[in-house]
Amino acid sequence: MSLLPFDEIFQSKFTESPNMTWTYGQKVESTPAGRAWMEGEKEGWKSINTAEEDRMKLYTLMISGIVPRPIAFVSTISEEGIENLAPFSWFNMVTNWPPMVSFSCSNGPSRIKDTTHNVKNSKGGFTVNIISEPFVENANATAIDSPPGFDEWSLSGLTKVPSVHVKASRVKESAFSMECELYQAIDIVHPDTGERTNTLVLAHVKYIHIRNDVLNERGLVDLTKFKPVARMGDITYARVGDVFRLPRPTWAAEESKVMEAIHQKE
Ligand SMILES: Cc1cc2nc3c(=O)[nH]c(=O)nc-3n(C[C@H](O)[C@H](O)[C@H](O)COP(=O)(O)O)c2cc1C
């Protein structure tokens with residue numbers, strides 16, 4: 001595959017949404033782009049019974065379809081004090097109150113990942129750091145299949161900052177870091193085969209550290225400065241492209257328009 005150079009001066013722009021004049025009930029086919037999208041359906045569907053599919057094929061298919069995924073860059077520490085760093089993209093926010101995030105670690109047939117071990121066994125807590133474009137190579141390198149107990153900080157070129165509440169360090173280069181305590185580690189057991197394949201970590205966020213220069217005047221993270229990266233399928237990452245805003249409809253303001261659209265259809 002021939003690659004274009006990385007566009008260092010790229011900035012996400014705020015654009016119009018795909019169909020600015022959309023009204024309640026309007027069909028996707030009503031615009032040229034929507035029609036072209038729905039044309040694709042003529043190719044038919046491939047439906048997969050997961051019970052009959054190879055697990056690696058499910059992995060490659062699911063990580064290509066469930067996109068884009070944010071990435072938790074997780075710093076943990078073992079009971080013996082050995083630090084560890086690794087990325088996990090089966091990650092998201094669970095709730096703001098209590099502030100909580102989740103990530104999921106797969107277990108190999110013969111060993112569980114250092115991150116899983118440390119999160120479960122060390123009582124000291126861990127940090128979840130968000131990755132920005134300027135250090136994505138550093139972060140990717142920590143996913144190396146090193147022997148158990150290897151401290152990936154040593155190869156990453158990244159800098160440890162002592163946390164205020166937990167034992168594990170946070171990543172200095174990350175503009176948004178969370179100090180977390182384990183809320184619950186749920187071992188995922190396959191309902192049909194009984195295999196213990198994964199551990200879902202629910203983490204209580206105790207502290208959040210945000211670099212001032214990525215904050216806007218409202219105290220929120222400005223994505224054009226933050227430059228977060230996402231994980232796509234295979235070994236593909238993505239940067240955030242152009243963005244658009246859509247107001248959240250409220251029943252109080254929209255009821256008459258909704259009703260009109262429904263009655264027009266009848
Ligand atoms: C961007 C990225 C995302 C990843 N996401 C996950 C994930 O969600 N779950 C998982 O088990 N492994 C994931 N991995 C693989 C782990 O990072 C890798 O197995 C790592 O070596 C685990 O390190 P540890 O044994 O030190 O905990 C991911 C790797 C990369 C590069």
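Within 10 Å of each candidate Cβ there may be at most 10 other Cβ atoms; applying that plus a DSSP loop requirement, which GluC sites (Glu not before Pro) in the range 56-135 survive?
Of the GluC sites (Glu not before Pro), the ones in loops of the range 56-135 whose Cβ has at most 10 other Cβ atoms within 10 Å are Glu80.
Please compare each pair in Lys13/Lys257; Lys120/Lys227; Lys27/Lys257 to a cut-off of 23 Å on the Cα-Cα distance and tell me which ones are over it.
Flagged as over cut-off: Lys13/Lys257; Lys120/Lys227.
How big is the shadow of the Cα convex hull of the range 169-259, averaged over all directions, in nm²?
12.1
Compute the longest continuous run of the chain that contains no exposed trypsin sites (Lys or Arg not before Pro); treat a site as exposed when its DSSP state is not H, G, I, E or B and it has at most 12 other Cβ atoms within 10 Å.
124-217
Which residues make up the longest stretch of the chain that has no chymotrypsin sites (Phe, Trp or Tyr not before Pro) in a DSSP loop with at most 11 other Cβ atoms within 10 Å?
46-243
Starting from the exponent 0.38 and prefactor 2.2 Å, build the expected Rg for the range 1-146 from its residue count and divide its actual Cα Rg by it.
Taking N as the residue count of the range 1-146, the ratio is 1.44.
With springs connecting C-alpha atoms under 10 Å apart, model the chain as a Gaussian network and identify which of Gly241, Gly194, Gly233 has the largest mean-square fluctuation.
Gly194
Report the full-extension gain for the segment Glu195 to Ala141: residue separation times 0.36 nm, less the Cα-Cα distance, to one decimal in nm.
16.5 nm
Once you place label points 7 Å from the Cα toward the Cβ at Glu255 and His165, how far apart are they in nm?
Roughly 4.2 nm, to one decimal.
Which GluC sites (Glu not before Pro) from the range 165-207 combine a DSSP loop assignment with at most 14 other Cβ atoms within 10 Å?
Those satisfying the criteria are Glu195.
Measuring from label point to label point, each 7 Å out along Cα→Cβ, what is the Ile66 to Ile208 span in nm?
The two pseudo-label positions are separated by 2.4 nm.
With a 1.4 Å probe and every protein chain kept in, tell me what percent of the accessible surface of the range 52-265 is carbon plus sulfur.
That fraction is 56 percent.
Roughly how many whole Å is it from the C-alpha centroid of the range 136-211 to that of the range 1-59?
First find each Cα centre; the distance between them is then 31 Å.
Report relative contact order for the chain in percent, whole number only (criteria: Cα-Cα under 8 Å, sequence separation at least 6).
Answer for the chain is 22 percent.
Would you kindly state how much longer the chain becomes between Lys225 and Ile48 on full extension, computed as 0.36 nm times their sequence separation minus their alpha carbon distance, in nm to one decimal?
59.7 nm
Please find the FRET efficiency linking Thr15 to Glu266, where r is the Cβ-Cβ separation and R0 is fixed at 25 Å, and quote it to the nearest 0.05.
0.10
Can you give the Rg/Rh ratio of the range 112-266, where Rg is from the C-alpha atoms and Rh is the Kirkwood radius?
1.10
Taking a probe of 1.4 Å, how large is the accessible area per residue of the chain, in Å²?
67
How large is the accessible surface of Ile82 in square angstrom, using a 1.4 angstrom probe and rounding to the nearest 10?
70
When all C-alpha to C-alpha distances in the chain are sorted into bins of 5 Å, what percent of pairs does each bin hold, rounded to whole numbers?
1, 5, 10, 13, 15, 14, 12, 11, 9, 6, 3, 1, 0, 0
So how far apart, in nm, are the two label points at Trp22 and Leu4 if each is 7 Å from Cα heading toward Cβ?
2.7
The values are calculated or read from the model by the stated rules, or taken from the named source; none is laboratory data. Being a predicted model, the structure only gives us computed values, none of them experimental. As a convention, Cβ positions derive from the backbone with ideal geometry for all residues, glycine included, and neighbour counts pool all protein chains shown. The accessibility values were calculated without ligands, DNA or RNA, using every heavy atom of the protein model including side chains. Shrake-Rupley method; radii C 1.70, N 1.55, O 1.52, S 1.80 Å.
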